[in-house]
Structures are given as C-alpha cells and as structure tokens.
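The values are calculated or read from the model by the stated rules, or taken from the named source; none is laboratory data. All figures in this text were calculated on a predicted structure; none of them were measured in a lab. Glycine gets a Cβ as well: all are built from the backbone with ideal geometry, and neighbour counts include every protein chain shown. These area figures cover heavy atoms from the full protein model, side chains too; ligands, DNA and RNA do not enter into them. Shrake-Rupley method; radii C 1.70, N 1.55, O 1.52, S 1.80 Å.
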Amino acid sequence: AGTGAGAGPALRSYPHSAVLDGAGAYRLRWGRRGSALALRLEVRTRGYVGFGLSASGGMASADIVVGGVERGQPYLQDYFTDENRVLKKDPQQDYHLEYAMENSTHTILAFSRELHTCDTNDKSITESTVRVIWAYHHKDIGEAGKNYHGSNRGTKSLRLLNPEREEVSSASLPYFDLTNKDVPVPDKDTTYWCQMFKIPVQHEKHHVTKVEPLIQKGHENLVHHILLYQCSSNLNDSVLDYGHECYHPNMPDSFLTCETVIFAWAIGGEGFTYPPHVGLSIGTAADPLFVLMEVHYDNPSFTEGLIDNSGLRLIYTPVLRKYDAGVIEAGLWVSLFHNIPPGMPEFVSEGHCTLECLEEALGAERPAGIQVFAVLLHAHLAGRAIRMRHFHNGEEQKLLAYDDEFDFNFQEFQYLKEERTILPGDNLVTECHYNTVDRIRMTWGGLSTRNEMCLSYLLYYPRINLTRCASIPDIMEQLQFIGVKEIYRPVRTWPFIIKSPKQYKNLSFMDAMNKFKWSRSGGLSYNQLVLKLPVNVRCSKTDNAEWSIQGMTAYPPEIERPYKTEPVICSSSSCLSCSLFLTLLCFVYITASTVGNTGPFV
C-alpha cells in the first residue's frame, strides 16, 4: 500500500512509454488529451522526482517540474531555468497534479500540461523532437534543503506527439534476422559496411509487418544507421560469401545493383510497425530476393578492436494485407554540389522531388496518387531542423513532416496523423536548416557524419516503380559566386580543377571554396543564390533504371521563404484556476520549502 492523493487515470490513458535511464529506474508514460499532454512518472525512489523539457538536452533555458510525496502529502512545482542554469519558480503554474503515490520502493506522479501555455518560461510541445531531461533523489526536497541529484539524471530525445497507432501482436509470427557476422570496425571516423543477404521467404507472397533493430549491446552509439536495399534479382548465391566496405573502389560489382531503399533505421529509433492495411511484400518475383544491408559505423574516437554483429529483424505473416508498401528517397542527391559555408548560424538547403518527376512516374504508374503514411527526415551533425513541404497545383499544403528540434542522435520514421495523397504534378521540397558556427572550412554533401545530407524517406502505398526523386543544384553558378571564371575541360579529375582566375588557378573547386573569405553576410547572399538555382533532376526506378526526366534541368518552384508556421493557439490555467486542493498544495509547498531561486536541479 502506498500513500498519496487521488485514484489517478488508468494506464490506457498513456499509450506511449519509454524508460529514460539505463538502469530501468525511471519510466515515463504519456498521451495526448485534447489540447493537453498527460504524463505519468514511475521512479524507483522515495524522494523527489524531476522532469523537464529542454532545447539543448541540458539545464540551460529548460522547462522543469519537480514533485514527490513527503510524509503522505503530495507536491508538484513548476520551475524554469535561465541561460545560466539558475532554477527559478515559475510564477505561472502550468503543470497540474492528478495523482501521486509512494510505496516502499517507488514514487508515481501523474500530471498534465497544456501543449501551448502562453507562458514564455514554458516550452511549447509540438510534433518535433523534444529533449526530455530527468532527475531524482532519494530524499524529498524539504528533508535536507538543497538536494543535488548527483548522477541520477540524464536526457533522452522523444516525440511526445507521435500519433497513436494500432498495434497488432507479432509475438507468434515468424521472423528472420539479417545481422553482420563479426565485422571488424576500423579505427576511423566513418565506416559504411555492406553485406548481401538472400531473403529466406520465397515462392509465396508474405508481408513483413514489423522491422526491429538488433544493435549489439554496448554499440548503441557506434551503429548510426542501417539501410536495406533491394538488389538485382539476377544475382546468384556467390554474392553472399562476404561483406565489404561500401563505396570503396574494390567493393564487389554486385553492390552497384542495389539502388532501391526498402527500409531505413537510424540511431535512437525503435522498431517500425507497418499500419494494419500495409506490409512490405516478400516472396514474389517482383519482391526483393537479394538485399544489401548498409551499416554506418560512427567511430569519432577512433576506437580500435571493435567487432560488431548488429542488424535487423524482419517479422512477417502469410496473412496478406491490402497494400504493398514502397519507399521513395527524396531530397538532395548526396554530392559535393551540396555545400554549406563555415561560420553560419543558419543556412538553408533544399532538395526537390520535382513536379516533372512526379508527373512522369505517377502519371504512368498511379494517376490516382500514392498514400504516404510515414516519413524519416535525415541529416548529419550540422542539421538543426528539417521540413518536408508539399505543393499541389502550386498551392502549399500543410507540412508533410517536420522536426524543428532535429537531433542527429534520434532519427526514426514519423507516423503521419493522417495519410497524405501525393498526386502527379505535385512538388515535394525537403528543407534542411544547418548551423556551422563552430566550423572554419566548408561543409560538403557526403557520407561522413561530418559531411551533410538533406533527405526524406517516404513510406507509402501502393508500391510503384519510383525509388528516388531528388535534385542537385548547378555547381558552376555556385562557383561564379566566389569569382571562378573557367575550369579545365574536358573534366578528367574529380573534384575538377579551376583554370581562372589566377588566385584559384590549378586548385580543385573544393580548395577554391575553402580559400574564399567567407563572412556571414557573404554566406547569406550565397544561400539566397543557391535556393534559386536550376536543379538537375534525379528520377530513378528499381534495378538502376531511370525515368526519362532523369538528368534534365528544372527550376525550383516559386515558394515562400522562410516557411510560415501556423499560428499557435495557446491556453493557460495557472494555480489560480486549479482546484482548491491543488492551490493549497502549491501554497503549502512554496511556503514550507526554502528553495528560493535555487533548487534540486543544479
């Protein structure tokens, strides 16, 4: 039996849950409730519990709530910190206690807060990633004054407004694993390792309903992302014998036949469950037989002797669903033609899934359009925000997906609240915001996490023959910005060499861009230029085939920049509008504790 107040909402009120610490001592449950978010903390302590929302994942400028049960009396207090991490009581109390309980081992607190409170000290809760910060102490606040939480603290990135989805039990379903076998991870910054596999389910159609990451224990930060590609069905089993570094001059030719992404997982993400009416088709002639698993290892400390056995588990069923799922890679084609000047607090890149590509591919394969049900937004370390903009007949629609608090270490498919129809002639723009203030050289589009990407992976149905819908900006107009007049032709080296003017003569275009004296105002002018440049269209099919529009030049659509976010309707209910019980509780706690302008979160 425990002590506390209230019966508390049933657990089904909290459809989402996450363990925030490695020891399993701190569990968060949450769920949306109209214009509010309901939260429940279950923590292995009889002292105070802290919870907060932070833009950086640290204590500075955070929105914090602290509560517990002391001598049978529950308490909950709304705090905030300034940029110097000083904790202050929030004059507007927006977290409202609904239930509190303490037993011999745990403290449980259930409370709610409006998504948008009109309080400048609170952080709005949106569909973007949020860095949750947490802490707890074995004593209550009032027992020993200022109690420091010590090592019982941490941060975890989550999406608190992920839509609820119908979970179909997969406990009894068959599965197969695609895992690396004792891969020696080199002692270098970035390694892409590729291994070919043969799908064991053949001769009869099945649907994959769920994909789970199998990350080797202790390698959670080493394995940055895993991509699964469909390869040519004309291969034979000899390609299965060994793995090799991807994108390497000596890699097997068979790897070059693997162009179509059929699944993507990235660091911080959990398993992905397909909606009940959609599955990833396997077992027929049109389905993947040979697949390539690409694992990106991120080893910035150059650790030696690492051996990895990570991979994916695919759970499947013979009970067919209505639709086959497909994946389209949209955004900026990964190349050196995508570049970002140093020292920029904000730089925007755009990748275009053009009207021309969608007109041709959808017009031929699916004039009624496709239904997008999930999106994975992908960038690297300089990424700060990503938006997927959607235009129909030139009119901008609601954002397809966005993350204004992008976290490189937390990338997963976002389920859409409502499926979105993409029609022939629509435009999709992947808009990526970067910060390079801490860099002194150009950042280039590329594979390393220190390079950049700007991609969106769209999960949709029904599957059509379109795997990539992307663009590359024109490089010569970019070089004209820094004064380049002529390059050596024909181009025989990569990156190509500049002929004039004299200050860049015989330099590669990369060296010339790095030699240019960049300023913030110059970077801003360059950004405005790049966003208006004509683009080279990438419009790819499976098996390395291309739609006829591939390689053609197109102009980006006339779009409003910057994107105007929808106005937020905020609502607030401070302690003044709480029940008499909670008001009294706030008053008793504030007067009883001598926390002042400091407190447990230090």
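Listed here are the residues, each with its yes/no results for (1) at pLDDT 95 or above; (2) part of a loop (DSSP other than H, G, I, E, B).
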| site | (1), (2) |
| --- | --- |
| 84 | no, yes |
| 88 | no, no |
| 93 | yes, yes |
| 97 | yes, no |
| 105 | yes, yes |
| 108 | yes, no |
| 111 | yes, no |
| 118 | no, yes |
| 127 | no, yes |
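Evaluated against (1) of a type in the set (Val, Ile, Thr); (2) surrounded by fewer than 16 Cβ atoms within 10 Å (Cβ to Cβ); (3) at pLDDT 95 or above, residue 65 falls short on exactly one condition, (2).
The set of residues in the stretch 190-216 being open to solvent by 40 Å² or more (accessible area, probe 1.4 Å), over 21 Å from residue 269 (Cα atoms) and not in a strand (DSSP E or B) consists of 200, 202, 203, 204, 205. Please specify each residue of the stretch 357-395 satisfying the condition of being open to solvent by 60 Å² or more (accessible area, probe 1.4 Å) and at pLDDT 95 or above. Hits for the stretch 357-395 are 359, 364, 365, 366, 367, 368, 384. Quick check: anything in the stretch 396-408 closer than 30 Å to residue 222 by Cα, of a type in the set (Ser, Thr, Tyr) and in contact with a strand residue (DSSP E or B) (Cβ under 8 Å, 6 or more places away or on another chain)? Yes, the stretch 396-408 has at least one match. Please find, within the stretch 412-447, the residue that is nearest to the chain's Cα centre (by Cα) out of those that are open to solvent by less than 50 Å² (accessible area, probe 1.4 Å) and among the β-branched types (Val, Ile, Thr). Step by step, filter the stretch 412-447, then rank; the result is 430. Looking only at residues of the stretch 396-411 that are in a strand (DSSP E or B) and open to solvent by less than 20 Å² (accessible area, probe 1.4 Å), we find that the one that is farthest from residue 157 (Cα to Cα) is 401.
From the residues in the stretch 45-62 that are of a type outside the set (A, V, I, L, M, F, W, C), part of a loop (DSSP other than H, G, I, E, B) and more than 22 Å from the chain's Cα centre (by Cα), which one is surrounded by the most Cβ atoms within 10 Å (Cβ to Cβ)? By that ranking, first place goes to 48.
Out of all the residues in the stretch 91-113, which are open to solvent by 10 Å² or more (accessible area, probe 1.4 Å), within 18 Å of residue 62 (Cβ to Cβ) and out of contact with any helix residue (DSSP H, G or I) (no Cβ under 9 Å at 6 or more places or on another chain)? Matches in the stretch 91-113: 91, 95. Residue-level check: of (1) within 20 Å of the chain's Cα centre (by Cα); (2) surrounded by fewer than 14 Cβ atoms within 10 Å (Cβ to Cβ), residue 171 misses just (1).
Right, residue 295: within 30 Å of residue 130 (Cβ to Cβ), in contact (Cβ under 8 Å) with a residue 12 or more places away in the chain and either out of contact with any Ser or Thr (no Cβ under 7 Å at 6 or more places or on another chain) or assigned to a loop (DSSP other than H, G, I, E, B) (or both) or not? Taking the combined requirement at face value, the residue does not satisfy it.
Scanning the stretch 69-83 for residues that are open to solvent by 10 Å² or more (accessible area, probe 1.4 Å), acidic (Asp, Glu) and more than 28 Å from the chain's Cα centre (by Cα) yields one hit, 70. Apart from one condition, residue 475 fits all of (1) open to solvent by less than 20 Å² (accessible area, probe 1.4 Å); (2) closer than 16 Å to residue 347 by Cβ; (3) over 21 Å from the mean Cα position of the chain (by Cα); the exception is (2). In the stretch 302-311, the condition of being touching a strand residue (DSSP E or B) at 6+ places or on another chain (Cβ under 8 Å), of a type outside the set (Asp, Glu) and crowded, with 19+ Cβ neighbours inside 10 Å is met by at least one residue.
Can we say residue 144 is open to solvent by 30 Å² or more (accessible area, probe 1.4 Å) and modelled with pLDDT of 70 or more? Even if it seems obvious, please write down each step before you answer.
Details: open to solvent by 30 Å² or more (accessible area, probe 1.4 Å): yes; modelled with pLDDT of 70 or more: no.
No.
For the stretch 31-44, enumerate the residues that are open to solvent by less than 10 Å² (accessible area, probe 1.4 Å) and part of a loop (DSSP other than H, G, I, E, B). Hits for the stretch 31-44: nothing passes. Pairs are defined by a Cβ separation below 6 Å, a sequence spacing of at least 6 or placement on different chains, a first member in the stretch 156-172 that is in a loop (DSSP other than H, G, I, E, B), and a second member that is at pLDDT 70 or above and open to solvent by 100 Å² or more (accessible area, probe 1.4 Å); the pairs so defined are 163/417. When residue 287 is tested against the conditions (1) open to solvent by 10 Å² or more (accessible area, probe 1.4 Å); (2) not in a strand (DSSP E or B), the lone failure is (1).
Rundown of residues vs (1) open to solvent by 20 Å² or more (accessible area, probe 1.4 Å); (2) modelled with pLDDT under 90, yes/no style:
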{"residue": "506", "(1), (2)": "yes, no"}
{"residue": "513", "(1), (2)": "no, no"}
{"residue": "522", "(1), (2)": "no, no"}
{"residue": "551", "(1), (2)": "yes, no"}
{"residue": "568", "(1), (2)": "yes, yes"}
{"residue": "584", "(1), (2)": "yes, yes"}
{"residue": "596", "(1), (2)": "yes, yes"}
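Residues are listed down the side, and each one gets a yes or a no for (1) more than 20 Å from residue 561 (Cα to Cα); (2) not basic (Lys, Arg):
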position: 372; (1), (2): yes, yes
position: 380; (1), (2): yes, yes
position: 386; (1), (2): no, yes
position: 417; (1), (2): yes, no
position: 425; (1), (2): yes, yes
position: 428; (1), (2): no, yes
position: 431; (1), (2): no, yes
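Collect the residues in the stretch 177-189 that are assigned to a loop (DSSP other than H, G, I, E, B) and within 23 Å of residue 255 (Cβ to Cβ), keeping them in residue-number order. Show your work before the answer.
Residues of the stretch 177-189 assigned to a loop (DSSP other than H, G, I, E, B): 180-182, 186-189.
Once the filter is applied, which keeps residues that are assigned to a loop (DSSP other than H, G, I, E, B) and within 23 Å of residue 255 (Cβ to Cβ), the stretch 177-189 yields 180, 181, 182, 186, 188, 189.
Yes/no matrix, rows are residues, columns are (1) hydrophobic (A, V, I, L, M, F, W, C); (2) in a strand (DSSP E or B); (3) within 22 Å of residue 551 (Cα to Cα):
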position: 424; (1), (2), (3): no, no, yes
position: 433; (1), (2), (3): no, yes, no
position: 436; (1), (2), (3): no, no, no
position: 449; (1), (2), (3): no, no, no
position: 460; (1), (2), (3): no, yes, no
position: 464; (1), (2), (3): yes, no, yes
position: 483; (1), (2), (3): no, no, no
position: 494; (1), (2), (3): yes, no, yes
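Within the stretch 337-346, is even one residue over 24 Å from residue 524 (Cα atoms), more than 21 Å from the chain's Cα centre (by Cα) and not small (Gly, Ala, Ser)? Even if it seems obvious, please write down each step before you answer.
Residues of the stretch 337-346 that are over 24 Å from residue 524 (Cα atoms), as a first pass: none.
Within the stretch 337-346, none of the residues are over 24 Å from residue 524 (Cα atoms), more than 21 Å from the chain's Cα centre (by Cα) and not small (Gly, Ala, Ser).
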